[in-house]
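Undergrad: There's a structure below that I have some questions on.
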Amino acid sequence: MITITNIHKTFNRGKANQVNAVNGLDLVINDEEFVVIVGSNGSGKTTLLNLISGSLLPSSGTIDINGDDVTKLADYQRSKWIARVFQNPMSGTASELSILDNFRLAAIRTKVKGLTIGINDAFKQQVKQKIATLGMGLENKIDQPMGTLSGGQRQALTLLMSVMDECKILLLDEPTAALDPRSAEVVMSTADKLSKEFKLTTILVTHNLKDAYNYGTRIIQMAEGAIIKDFAAKQKEHLKQNDLFEWFG
Ligand SMILES: Nc1ncnc2c1ncn2[C@@H]1O[C@H](COP(=O)(O)OP(=O)(O)O)[C@@H](O)[C@H]1O
Ligand SMILES: [Mg+2]
């Protein structure tokens with residue numbers, strides 16, 4: 001469970017360009033929830049994810065993960081709980097390295113579930129098996145440099161790597177924004193599948209209303225650093241796509 005209490009993040013405090021990016025926000029997210037966050041540009045969505053991951057520390061307020069107060073922990077101290085996928089497909093993996101070597105790196109960096117680190121065939125077979133579950137045929141390309149893959153393929157692999165370690169929280173900040181519609185769909189359905197399979201608590205920031213409608217168990221709308229709407233699973237089922245369009249229009 002993630003418990004965020006009265007959190008504030010102010011940039012450039014006291015200067016002419018002061019911004020209250022997150023402004024007294026309260027939010028409780030239960031285990032295995034899939035929360036979709038929407039809101040106009042500059043409403044504080046990315047700042048909120050940065051506060052949860054520890055990339056930014058709050059100006060005030062507290063963040064608690066599974067009963068541990070993580071408010072003052074740096075991002076690397078939270079990485080055992082949290083995995084992140086960014087908008088840019090390039091930021092998740094190393095281009096020059098092969099798919100296999102990227103998995104090896106991921107396995108070394110974290111304790112990856114069901115992977116024993118090594119250069120042996122067993123490791124290779126395990127990676128192939130995992131990749132095959134994406135259904136993209138990439139298991140036959142594991143010696144190919146990551147840089148030769150499409151953005152969608154890279155995002156799907158980044159997702160797979162990040163959820164295979166012991167993390168329980170998956171943060172997705174517009175993971176499909178840089179992708180064509182078909183790749184975007186593959187990445188979103190992969191995210192959905194993996195979050196169910198690994199019983200993750202997932203937070204997705206998206207500008208895509210269709211995704212906001214199709215995925216997740218809860219939708220939150222942010223404006224000016226605060227939550228202005230919050231629909232839980234049951235209510236979401238009753239929302240019609242048109243309601244959403246009106247809502248966000
Ligand atoms: N590092 C920063 N320094 C100064 N202002 C920032 C910084 N990061 C974000 N902001 C400002 O905070 C507000 C919220 O930004 P952000 O969280 O990126 O919004 P969103 O992701 O919803 O588009 C914006 O006004 C943005 O310009
Ligand atoms: Mg953003």
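The values are calculated or read from the model by the stated rules, or taken from the named source; none is laboratory data. Worth saying up front: this structure is predicted, and the values here are computed from it rather than measured. In this analysis, Cβ positions are derived from the backbone assuming ideal geometry, glycine residues included, and neighbour counts consider all displayed protein chains. When the accessible area is computed, the model is the full protein with side chains, heavy atoms only, and any ligands, DNA or RNA have been set aside. Shrake-Rupley method; radii C 1.70, N 1.55, O 1.52, S 1.80 Å.
Undergrad: Which of the residue pairs 141/210; 9/199; 168/193; 128/210 have a Cα-Cα distance greater than 25 Å in the structure shown? Don't jump to the answer; show the numbers that get you there.
TA: Numbers: 141/210 32 Å; 9/199 30 Å; 168/193 14 Å; 128/210 32 Å.
Checking Cα-Cα distances, 141/210; 9/199; 128/210 exceed 25 Å.
Undergrad: Using amide H atoms built 1.01 Å from N in the peptide plane, name the residues 5+ places from residue 71, or on other chains, whose amide H lies under 5 Å from its own.
TA: 63
Undergrad: Over the heavy atoms of residue 227, what accessible area does a 1.4 Å probe trace out, to the nearest 10 Å²?
TA: Number for this one is 50 Å².
Undergrad: In debye to the nearest 20, how big a dipole does segment 2-248 give about its Cα centre with +1 on each Lys and Arg Cβ and -1 on each Asp and Glu Cβ?
TA: Values: 28 positive and 27 negative charges, 56 e Å.
Its charge dipole is roughly 260 debye.
Undergrad: To test your reading of the geometry: what angle, between 0 and 90 degrees and rounded to tens, separates the Cα axis of helix 121-132 from the longest principal axis of the chain?
TA: 50
Undergrad: Here's another thing I want to ask about it. Quick check on the chain: of the DSSP beta bridges with both residues there, what percent are antiparallel, nearest 5%?
TA: Details: 21 of 38 bridges.
Taking every DSSP beta bridge with both residues in the chain, the antiparallel ones total about 55 percent.
Undergrad: Oh, and also: Tell me, what ³J(HN,Hα) does each residue in segment 64-76 have, in order and in whole Hz, if you take phi through Karplus 6.51 cos²θ - 1.76 cosθ + 1.60 with θ = phi - 60° and put x for Gly and Pro?
TA: So the Karplus estimates, Gly and Pro as x, are 10, 10, 6, x, 9, 6, 9, 3, 9, 7, 6, 4, 5 Hz.
Undergrad: Any idea what Rg and Dmax come out to for the chain if you just take the C-alpha atoms, in Å?
TA: Cα-based Rg and Dmax for the chain come out at 18.5, 60 Å.
Undergrad: Mind telling me which of 124, 80, 210 comes out most flexible in a GNM of the chain, alpha-carbon contacts under 10 Å?
TA: Maximum fluctuation in the GNM of the chain, among the listed residues, is at 210.
Undergrad: Show that you can apply the helix-only estimate: for the chain, add -39,500 (n - 2.57) for every DSSP H stretch of four or more residues, divide by all residues, and state [θ] at 222 nm to the nearest 500. Can you show the working numbers first?
TA: Details: 9 runs with 87 residues, N = 249.
Rounded to the nearest 500, the figure is -10000 deg cm²/dmol.
Undergrad: Would you mind working out the accessible area per residue for the chain, using a 1.4 Å probe, and quoting it in Å²?
TA: Values: 12010 Å² over 249 residues.
Computed with neighbouring chains in place, this is 48 Å² per residue.
Undergrad: Of the accessible area of segment 2-248, with the probe set at 1.4 angstrom, what percent is carbon plus sulfur?
TA: Values: 5870 of 11820 Å².
Of the solvent-accessible surface of segment 2-248, carbon and sulfur hold 50 percent.
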